[in-house]
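Here is the structure we will look at, set down as structure tokens.
The values are calculated or read from the model by the stated rules, or taken from the named source; none is laboratory data. Quick caveat, the model's predicted, so the values are computed rather than measured. Cβ sites come from the backbone with ideal geometry, for glycine too, and all protein chains shown count toward neighbours. We work out accessible area using only protein heavy atoms, side chains counted, and drop any ligands, DNA or RNA first. Shrake-Rupley method; radii C 1.70, N 1.55, O 1.52, S 1.80 Å.
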Amino acid sequence: SVTRIVDPTAGCPTVPRTPVCSGTTNTYTANVGPASAETWLWSVNNGATINTVPANGGQSISVTAGTESFTLTLTKTYANTSLAPTVCTYPVTVNPLAAPPTVTYIPPTCTESTFSVQVTNPEVGSTYKLTQLDGNIVEMGPYVSGTLTG
């Protein structure tokens, strides 16, 4: 008699991921491609969309994020239909878009000769440019914390 041990399915490949911004397109690449007896099918949820459907699932997939975190799912099926599919899940964190800043014009009082502009909810690290009617540009920032006034 002969005993033969067969490892019919490989585990899930590694797919590196980092947090992404909503609405951005990113490419995810597995550390290995489909084996000759495997068929790969990629899917996403929570408003993310796959931009291209590569032949046989492919090693890389291009995805546009929605507004919520999503799961990139790889389903591997096998030529040997007796084998159950392998489902691999890869959570992707989507950072929401920052709320837009509010810009408020603060006019001079009757004894002042200058005005100011207040930026509420500015984005951290951003510099804001105020273009005046005479073409002068005033830079405000870079913003660190609190309300930016200039």
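Values computed for the structure shown
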quantity	calculated
Rounded accessible area of residue 105 (nearest 10 Å², 1.4 Å probe)	130 Å²
Extension gain (nm, one decimal) between residue 114 and residue 14, 0.36 nm per residue minus Cα-Cα	30.1 nm
Share of carbon and sulfur in the accessible heavy-atom surface of the chain [1.4 Å probe, %]	55 percent
Accessible area per residue in Å² at 1.4 Å probe, computed on segment 1-138	65 Å²
Within a Gaussian network of the chain (alpha carbon springs, distance under 10 Å), most fluctuating of 101, 91, 16	101
Relative contact order %, segment 76-131, counting alpha carbon pairs below 8 Å whose residues are six or more apart	24 percent
Inter-probe distance in nm under a simple model that places probes 7 Å from Cα toward Cβ, at residue 24 and residue 133	4.0 nm
Most positive-pole-ward Cα, 13, 2, 72, against dipole of the chain from beta carbon charges	2
Label of the coordinate-derived value, Kirkwood radius over Cα pairs in Å, listed as (i) 19.8; (ii) 15.4; (iii) 16.4	(i)
Cysteines without a disulfide-compatible partner [the chain; Cβ-Cβ under 4.7 Å]	21, 110
